[in-house]
Each structure stands twice: as structure tokens, then as C-alpha cells.
Protein chains: 2
Amino acid sequence: MTVKTLALAAALFAAAGAAQAQPPAPAPPPVLTPEQFQLQVDAAALRDQALKGSPAYPFLRDLTTEIGERLAGSEAEHRAARWAVARLTAMGFKNVHIESFPVPGWTRGEEQAELISPTFQHLTVTSLGNAGATPPQGIEAPVALFHTYADMLAQPVGSLSGKIVVVTQPMVRAQNGSGYGALAVMRFMGAAEAAKRGALAYLVRSLSTSDSRLPHTGATDFPPGMAPIPAGALSVPDAEQLDRISFDPSLGREPLRMHLVLTPSFKPGATADTVVADVVGRERPDEVVLIGGHLDSWDLGTGAIDDGAGAAITTAAAKLILDMPHAPRRTVRLALFGAEEIAFAGPAFAAARSTAEQSHYVIAAECDFGAEPVYGVALPGASAKTSYGAMLAETLAPLPAYVDRAPARGGGEDIEPLGPNVPLASLEQDGTHYFDIHHSADDTLDKVDPQRMDKAVAAWVAFAYLAADSDVDFRAKPPGKSATP
Amino acid sequence: MTVKTLALAAALFAAAGAAQAQPPAPAPPPVLTPEQFQLQVDAAALRDQALKGSPAYPFLRDLTTEIGERLAGSEAEHRAARWAVARLTAMGFKNVHIESFPVPGWTRGEEQAELISPTFQHLTVTSLGNAGATPPQGIEAPVALFHTYADMLAQPVGSLSGKIVVVTQPMVRAQNGSGYGALAVMRFMGAAEAAKRGALAYLVRSLSTSDSRLPHTGATDFPPGMAPIPAGALSVPDAEQLDRISFDPSLGREPLRMHLVLTPSFKPGATADTVVADVVGRERPDEVVLIGGHLDSWDLGTGAIDDGAGAAITTAAAKLILDMPHAPRRTVRLALFGAEEIAFAGPAFAAARSTAEQSHYVIAAECDFGAEPVYGVALPGASAKTSYGAMLAETLAPLPAYVDRAPARGGGEDIEPLGPNVPLASLEQDGTHYFDIHHSADDTLDKVDPQRMDKAVAAWVAFAYLAADSDVDFRAKPPGKSATP
């Protein structure tokens, strides 16, 4: 600190003292009991063990190498579940089992698109999950191009009859993925909205922050009773090419026409498999800290970052706890969900657990945002201000990562159906580059750095162990400024 | 300069003085005549005009938007040539015409590959140009995997009978593209070498520095009389996946088997079109400074960097000279070659020009390395030491770019057939990221930054103008240390 900043600090201090209407000073951090202090020391040791090399990368490498892509409901997804059962059993987990549930059994078909007027251009396109099919020879139709999703929604019902509707709105890069959240409706609901307006087919610019020619798939949804229309994603360069062509003064007078082949199909009676495994608690085994990721992936890549990484990170965190000299007081339950992309495993997982059983779920958190480090943890309600929050903050600080002062706003598609009484946490991973490859053929192992992924494991093991080997109650309201759990 | 570095400099100076066997001090730079000084001032003005915004980007944008991909011999390539004739005519160039020549008419077909043992994996693959075809349903065969090209070459003739040969050697990233040069033989000759050894088909890891799932195509070659076998490039992640699978202890005991569909075809009687245009010299119009790029591209992308950029950069440089108040003394000839990828336009271009005509070609240079700035210019023979070299060095310095002390070692596939009496120069562009997208579907306009491309135009216009508006003779041996051209 220089003389100048010292002077500035003194001036600010004086100004703060002078202001009468300041909010009350923040409560001092909770004082830890000797037992809590020991807990924190143990959590730090687990964190450091993760950083030295956790089982996450070998798990992810073997899953993506020995299995590869694993679309929910496919033969490969079932093979992945059997692979995970064998792997988790060999690692020493208890109660390892599969829970099956029905899924739509959607399967990708042929994919081809060309602009045929005003100039010929090959376009790279991929079907959206749950979308319908064109005839095998495809369709040829005029294009209705909208530069924003709102422009498309502003069209009256029926006005897009006979058109291939294309929306080219770009998504924003953001560390926490909020750029995706803001625009996902364009993909998830856009096909149904276009169909309402008469569209023959619907194409969106990929929800992607990359400039790759590879398109990014993802699920779309049709309300009950509506027949799915063909729907797909264009790569970012192709969407930009259509924008340019629509603006080109030499070409702009002729209408855009496209030929489109998308022939996915549904396989009735398909099921997917969630794999569950436990580190059984030594004192209160029925109290559960639930962590996990989803084992299914899209079929274009090998699902390394989405979500092999989440499965690997949480498996590694649980394994580090499993290998401690004594089990934690509570059970750490690992769930590798069998469907998150094309369908959701969460409702079946929740339905398989009674309200009474769920009332013993201490906390649940899902890891589904790639293989990059965790930079912050959001806890339920006011838990950040408890002893648990203080211990976690201290353990995460060297990574570095923080405990968010704001509460968690959700936990992930597979755990949110557990009901309002299961507290949810959110471990935030750096997603600045996540949407460069998410849902595309580029989601492959080479994109994962083992050391960076182990930083995520370090945060997860600290989070889970501190919850499992203590009596923290994330449902409790903190009684006051110096609250302890 | 600090006291410490001053002292160091003095010590080095003393050491240099003390050494008796030092090479002679370099010759002082040539003294410019008043006319040469004016020439340098004019070249600097052209350079600065290019930096303010040249016609390169509009040319490239419209070529890739209104035409798109343009494989030599295809209908699109002919359309691109007609487009270029109209564009260059409208820009004011003279003697604008097309020179047609025969090409093999190779056309891409279906492309599909799967590893079927020891585990199922979709593989991304693309045919190499000039390669043969599998039957429509593909072939299924055991894989012979080699981690280096030398390992494959070490196999005896006949020993790879019935195998799909895969070579997974990675290429090295290098600013000047030497990593590509070192390994291009693996793609260009590898299919024929594998065929000699009995291979059913040949696949190489893409000559790529990216980790994209998109494979990178390129030409391969078979000696006369040898039937082309199917040959393709795997994406980098897929080649790495095959390496991992071949090493995986859980999978390694079963042999690798692959299903492969590649169905390209040849269209006999195909031709391609080179477009030629002039800025006619005011004093010695038969003396020609030849610059250009190639108008054809691979069919996977829109050929923005390979080589729409080269065509655009040299067109822009010629146009800036065309728009000067008076024409340069010599003619600046622009050639947009009709085939460089799947076949070469150079031999036909050279054959159309007599030895006598070629003896008036002052210098030739081809631009075919993307849209990034020029960082150095290599001149023929000892030309770097002439007045021309000094003027060019001074003009390039602010970009920054240098005149290489070493002579140019070649000039590009399309101009080298012009024969040993045509001096060749090489304007080196930064290729650090060129091979991330080169020859792949990712070669699209969005990868080009207009301002960075104009830095290349600035170097090209300085190079061409200084040669065209002077009497420099690049064939002359400099008479001594203080040589002037």
C-alpha cells in the first residue's frame, strides 16, 4: 500500500464514519467449535488431495473412450449405465444399482440443407431433439428469415404457412451461462411457436458462442397434441451467411429458398437408466447429501463436457470421501442421471422417493456445466452466513472460489423435481467457453484439461464432505447475526 | 537504455573490436536517387491508403456470399470466374479474360465412418481430393493403425492387404506453415504408398492444428496406372480417439474394425477457368509484374481464407495501383487461378505464355496463405540488398514487416511452372492459426478480420508498385556492396 492509497483509505474511513444512515456493519464470521475447526482441516486435506490428481479424468477418459456418445434411450446409453455400475462397484461404492424409466426414444436421421436461391450454398444443420421429420427426399420451400426471436413471435398465427422459418439471433457469451438461459426459449419453444404460425419447418442459429461450422443440437418441445414439425439448428457461420445473403444488394431481390432433409424418428417403449451409488454414513445413514451429474449425452460428440465431466467430477468427489479412514456421519449419494438432454430423469428419480425419504435429503447439487474450475458456490437460503458457509468459504478461498452472498436460485434439471423441501445448492463453474462446444460434435475429451477439472473436484469434495460429516441443516433459518447451523 | 545496458553494449563493442576473425561489416544501405525517394513516398501513400480500408474485404465478402464454395471444375467454379470477370471489369481493369484448361472433375460423394470394434464410435471423415470410392454400402475391414507416417512406410509391400490403414501423426503449429510442409507428404503420397502395401483404404489424421471435429480435406495423388483407393482425413479428435482406443487396456485386446463409406466420382471432360486482368503499364506495358491468388476452393467451406483472401488481397493491391493518377511504367497483371487445390492451373498458365513473353515477366508472386498480415517479404536472389530492397524495407517497416535477408525459396504452386527465368518473391503471412481451418468446412468469411487483411494488402501494394513503377531487374546480380538495381 502506497502513501497515496493509505491517505485515500483514511479519507474513505472518515467519510464512512461521518455518514449516519449507513446500513449496520456485517455480522462477524461465526466462531467455529473445535470440532468444526477439525472438520475444516479435513475438508482442506480432501481439497488438496483432489488437486494432486483425482479419479475424475480417468473416469471421464474411459467413459468417452470405451462408450462414447450415449443418447438417452439408445443402446449406448444402457451400455454406459452398465459400465458405470461396474466402475462404481469396483471403486468400492455401496448400494450400486440402476433405476430405469421411460423416454421418447428419439433417434437422429439424415441431415442435409442447401440454400437453392438466390445462390446455392451448402448449409450445415442438425436436428433438434424431439423434432419431427421431413419426407426422405426433403422439402423445398421459401424461407422466412427473422433476425430476432421476437420478430418471429410477432407474426400472426397462420402467416408463416408453407415457409421454412429461420431465426438467426446470436447468443451472448457470459461466464455463468446467462446468455444461454436468455435465449434457450428460441430453441426449446421456437419450433412449436413457428408451427402455430403455419411453418413447415423451423431452423435456429445454434445456441453457440463459437464460429465453428458444426451445428449445436438441443431439445425442442411440442405441447401435447401438436404434431412435431422438422426443426434444426444451423451452424453460426451458416446463420451469418443467410443474414449476409438476405442483405446482399446483388442477391437480395430474389427470395430465399431452401431444400431441407431432417429424418429423425421415435422408438416407442424406450427406457433410460439412472445409476445410483452410496458412501454410507457412519452415524445417520438415512440423512443424504445428494450429488451427481447426468450420464446421457447428445449423440453428436462423446459428451465429454456435457455431462461426462459432471459425472466424473461428482464421482471423484464421492470417491475421495469414500477413501477416508472413516465414513462421514451422513450418506453421500451419487446419482448419475440417465436422461437430461432429450428427456429428464429428475421426475422419475423424485417419484421413486417418498416425501418422507426426501425429508432426509440434507442437500442436493448437480454438476452439469463442463470441466472447468468452480469459481463460486451458491447455498440455499441464508446458509452462506452459517458456520457451514464460513467453513466452506475458508476451504474454497485458495482455489480461488467464493461462497456467494446471494442464495442459490436452483440446482439443475435432474434434482429440482425433488420438491420444495429438498434444499438445493449451485456450484458455479466457469462457462466462458462452455457454449463453444456444448451440444456439438466438438464435445470430445481433448477439450478437457485434467488439472483444471480437478479444481472443480476440489470444490465439490469440500462442499459435500462439510455437509456430510456435520449436522448442518440447510432448512433452518439462521437465528441471528452470529448464527451457527 | 539504462546504465547497465550501456555498459553491456560497450563491453560487446570492445569484444567485437578485439575479435580479428569477424566477418566484414555489412554494406551501408544503398543511397536512393531523388526519383527513387519519390517512388518510396508514393509506395508509402499506397500502403496507408490500404490501411484505411481497401477493396479486399468487399471483394471477399461478395465472392463467398454470392458464390460460396467453388471446387475446380464444378459449375460453381465457372460461376465464380464469370463473377470475377464482371467484378474486375466494373473495377476498371483492362484485358479481362478467362483462360480455360482441363481438370479431373473430381466430385465428393457420401462420407461416413464408424469404428465397430472394440467399441462403437462415430468418426468424422472426409474424402481426399482425387481419391477413389468404396462401394455405396461401404467396406468393413480391420484397421492397421500407425502413429507415424514412417511406421506405415516401414511396412513391406503387400503386408497391409485387406486393411484400412490409418496414420495418426499430428502436425506442428508454425508461423510460416513449415509444420504443414513437413507432413503434407502423409496426405499427398500416403494413399498411394498404402495402396502399394495392399491397403483397401487409407485415412490420415487431418493436417490441422485445431481440435475441431471437422476433418480437413486436401489432394492426394496416385501415380499413372495406379487405381485410386478410397482415402480420407479423420478429424483431429477422432484420430486421438483411435489412438486412445488402441492403447486402452480394457479394449486393447480386440482388434480395431471400421466401416467406411466414401463415394467420390470423376466427371470426364471437366475444365476450370483462370481469370486474368491488367493494369496496363504507361511506358513498358510488355514488362509484367504478376500477382494473384487462386479463385478455386475446396468444397467443404466457402474458401474465404483459401484462397478467396489471396484473390481479394492481390485484387485490392492492383486496384489501388489502378486508381493512381497515372499508371506505373510496367504492367501489373492480376491472375486469379482456376485450380490450385484438386489440380493446378500453373502449367496451363505457363504453357499459354511463350518463353519470349515470360522473359518480360519482371517478377511473380502468389498470395495463398490466408487473410492475416504479411510479416516478411523474401525476394529473389540477392535483391534484398538492392535499392528496391531498401525502399521496400522502409515502406514495410511501420506495418511492421521486414525484407528477409534470405532469398525466396519459391513462390507458390501456380507461378512456379513459369520457368526458371521468372523471378519469384514470397510475401509471408502469419499462418499461426491458418491450419486451424484450412481445407475444412470452417473456412468461412467470419474468420476474416478486414483490418488485419488490409495490412496484407498494404504490403502487397508496396511490393507490386515499387516493382512496377521502377526499372528494377530481379535477375541482375548485384555488382557489389552498394549495388543499386
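The values are calculated or read from the model by the stated rules, or taken from the named source; none is laboratory data. Every value quoted in this text rests on a predicted model; they were computed, and no experiment measured them. We place every Cβ from the backbone using ideal geometry, glycine too, and count neighbours over all the protein chains shown.
Among the residues of the stretch B:406-443, those that are part of a loop (DSSP other than H, G, I, E, B) and either hydroxyl-bearing (Ser, Thr, Tyr) or without any contact (Cβ under 8 Å) to a residue 12 or more places away in the chain (or both) comprise B:PRO420, B:THR432, B:SER440. In summary, A:SER100 fulfils each of the numbered conditions (1) closer than 22 Å to A:THR220 by Cα; (2) not in a helix (DSSP H, G or I) with the single exception of condition (1). The condition of being modelled with pLDDT under 95, under 27 Å from A:ARG187 (Cα atoms) and away from chain B (no Cβ under 14 Å) holds for only one of A:ARG405, A:ARG409, that being A:ARG409. I'd like the full set of residues that are without any contact (Cβ under 8 Å) to a residue 40 or more places away in the chain and of a type in the set (A, V, I, L, M), limited to the stretch A:359-400. A:ALA384, A:ALA393, A:ALA397 - these are the residues of the stretch A:359-400 that are without any contact (Cβ under 8 Å) to a residue 40 or more places away in the chain and of a type in the set (A, V, I, L, M). The residue that is modelled with the lowest pLDDT, counting only those in the stretch A:242-267 that are within 13 Å of chain B (Cβ to nearest Cβ) and in a loop (DSSP other than H, G, I, E, B), is A:GLY252. A single member of B:ALA327, B:ALA309 is of a type in the set (A, V, I, L, M) and crowded, with 23+ Cβ neighbours inside 10 Å, and it is B:ALA309.
Residue by residue, here is whether (1) at pLDDT below 95; (2) surrounded by fewer than 21 Cβ atoms within 10 Å (Cβ to Cβ) holds:
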site: A:PRO156; (1), (2): no, yes
site: A:SER161; (1), (2): no, yes
site: A:VAL165; (1), (2): no, no
site: A:GLN175; (1), (2): yes, yes
site: A:SER178; (1), (2): yes, yes
site: A:ALA182; (1), (2): yes, yes
site: A:MET189; (1), (2): no, yes
site: A:LEU203; (1), (2): no, no
site: A:SER208; (1), (2): no, no
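The set of residues from the stretch B:444-471 being surrounded by fewer than 24 Cβ atoms within 10 Å (Cβ to Cβ), at pLDDT 95 or above and either within 14 Å of another protein chain (Cβ to nearest Cβ) or part of a loop (DSSP other than H, G, I, E, B) (or both) comprises B:ASP446, B:LYS447, B:VAL448, B:ASP449, B:PRO450. Does A:ALA356 satisfy the criteria of being free of Cβ contacts under 8 Å to residues at least 60 places away in the same chain and among the aliphatic types (A, V, I, L, M)? The answer is yes for A:ALA356.
Touching a residue at least 24 places away in the same chain (Cβ under 8 Å) and either of a type in the set (A, V, I, L, M) or under 19 Å from A:THR271 (Cα atoms) (or both): is that true of A:PRO156 in this structure? Here the answer is no, as A:PRO156 does not meet what is asked. If only residues of the stretch A:117-129 that are surrounded by fewer than 20 Cβ atoms within 10 Å (Cβ to Cβ) and in contact with a Pro (Cβ under 9 Å, 6 or more places away or on another chain) are counted, the one that is nearest to the other protein chains (Cβ to nearest Cβ) is A:PRO118.
Residue selection: B:ASP273 fails the criterion of being modelled with pLDDT of 95 or more, more than 30 Å from B:THR119 (Cα to Cα), crowded, with 19+ Cβ neighbours inside 10 Å and touching a Cys at 6+ places or on another chain (Cβ under 9 Å). For the stretch B:375-392, the candidate set comprises residues that are crowded, with 21+ Cβ neighbours inside 10 Å and assigned to a loop (DSSP other than H, G, I, E, B); within that set, the residue that is modelled with the highest pLDDT is B:LEU379.
This table checks each residue for (1) buried (at least 16 other Cβ atoms within 10 Å of the Cβ); (2) more than 30 Å from B:GLU110 (Cβ to Cβ); (3) at pLDDT 95 or above; (4) polar (S, T, N, Q).
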{"residue": "A:LEU12", "(1), (2), (3), (4)": "no, yes, no, no"}
{"residue": "A:GLN20", "(1), (2), (3), (4)": "no, yes, no, yes"}
{"residue": "A:ASP48", "(1), (2), (3), (4)": "no, yes, yes, no"}
{"residue": "A:PRO55", "(1), (2), (3), (4)": "yes, yes, yes, no"}
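Checking A:GLU372 against (1) farther than 30 Å from B:ASP238 by Cβ; (2) surrounded by fewer than 24 Cβ atoms within 10 Å (Cβ to Cβ); (3) charged (D, E, K, R), only one condition comes out false. Which one? Going through (1) farther than 30 Å from B:ASP238 by Cβ; (2) surrounded by fewer than 24 Cβ atoms within 10 Å (Cβ to Cβ); (3) charged (D, E, K, R) one by one, A:GLU372 breaks only (1). Mind listing whichever residues of the stretch B:171-230 are of a type in the set (Phe, Trp, Tyr) and either within 14 Å of chain A (Cβ to nearest Cβ) or over 17 Å from B:LEU260 (Cβ atoms) (or both)? Result: B:TYR180, B:PHE188, B:PHE222.
For the stretch B:200-225, residues that are in a loop (DSSP other than H, G, I, E, B), β-branched (Val, Ile, Thr) and touching a strand residue (DSSP E or B) at 6+ places or on another chain (Cβ under 8 Å) total 2.
Per-residue answers, yes or no, for (1) surrounded by 24 or more Cβ atoms within 10 Å (Cβ to Cβ); (2) more than 25 Å from the chain's Cα centre (by Cα); (3) within 23 Å of A:PHE369 (Cβ to Cβ):
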position	(1), (2), (3)
A:PRO230	yes, yes, no
A:THR263	no, yes, no
A:HIS294	yes, no, yes
A:TRP298	yes, no, yes
A:GLY301	yes, no, yes
A:THR314	yes, no, yes
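If you go through the stretch B:75-116 and keep only what is under 21 Å from B:PRO230 (Cα atoms) and either within 14 Å of chain A (Cβ to nearest Cβ) or aromatic (Phe, Trp, Tyr) (or both), you end up with B:TRP106, B:THR107, B:ARG108, B:GLY109, B:GLU110, B:GLU111, B:GLN112, B:ALA113, B:GLU114, B:LEU115, B:ILE116.
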